[in-house]
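The values are calculated or read from the model by the stated rules, or taken from the named source; none is laboratory data. Being a predicted model, the structure only gives us computed values, none of them experimental. Cβ atoms come from the backbone with ideal geometry, glycine included; neighbour counts cover every protein chain shown.
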Amino acid sequence: MRPSGEGEPGEVGLLAAAAAGRPAAVRSLIDTAGPIVYGFVLARVGGRQELAQDLVQETFLEAVRSSATFRGDSAVSTWLCAIARHRIARHYRAERRREVVDSGLVAVTGEASGEPPAEDAIEGVDRRDEVMSALGRLPVLHRQVLVLKYLDELSVEEVADELGRSRVQVQSLLQRARDGLRRQLEQGHG
């Protein structure tokens, strides 16, 4: 993904042409931004390719619907990744609601022990595919908190705002999620 800044010349026009349904513009937009957006999404959904494909498709559809809002202040791929991030967050919220309904449980919020978080379970892991697979086996909330903290590089406070939870709850969730990821990675070797 390009750093935020000026978009490539003609990206506003390319997006407008794609939104107008011009086949060459649609192909060009997908060919240039598609792999970037797909990689961004795939890393955030635990390597689940089908889900990533669906979310990328939703992202492009949303981009076409809101193409008039793209001013070219950033690269089109950066703008698309921002849309994808919102789609991913929406997906995780819906998935958490389904988990609660399926389990017959009521979501309960509580205060955690306040212990400081352990060393980051993700640091130094070179086995990207293994990590993505292990991440995909975690409960939805654990996966989401790890993605927000380590892939999206949000602070604990920002993660708390995104999830509607307290800072202490997020620290506890992060600890449990890191422990779960560590166990999943160890099971992959056992």
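This table checks each residue for (1) modelled with pLDDT of 90 or more; (2) surrounded by 14 or more Cβ atoms within 10 Å (Cβ to Cβ).
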site	(1), (2)
Ala121	no, yes
Asp129	no, no
Leu141	no, yes
Leu148	no, yes
Ser155	yes, no
Val170	yes, yes
Asp179	yes, no
Glu186	no, no
His189	no, no
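Cβ separations smaller than 6 Å between residues 6+ apart or across chains give the following pairs from the range 57-70 residues that are in the same structural domain as Pro35 (by TED's automatic domain parsing) to residues that are basic (Lys, Arg) and surrounded by 15 or more Cβ atoms within 10 Å (Cβ to Cβ): Glu58/Arg87; Thr59/Arg87. Flag not set for Ala89, criterion: surrounded by fewer than 18 Cβ atoms within 10 Å (Cβ to Cβ), small (Gly, Ala, Ser), modelled with pLDDT of 90 or more and closer than 30 Å to Ser133 by Cβ.
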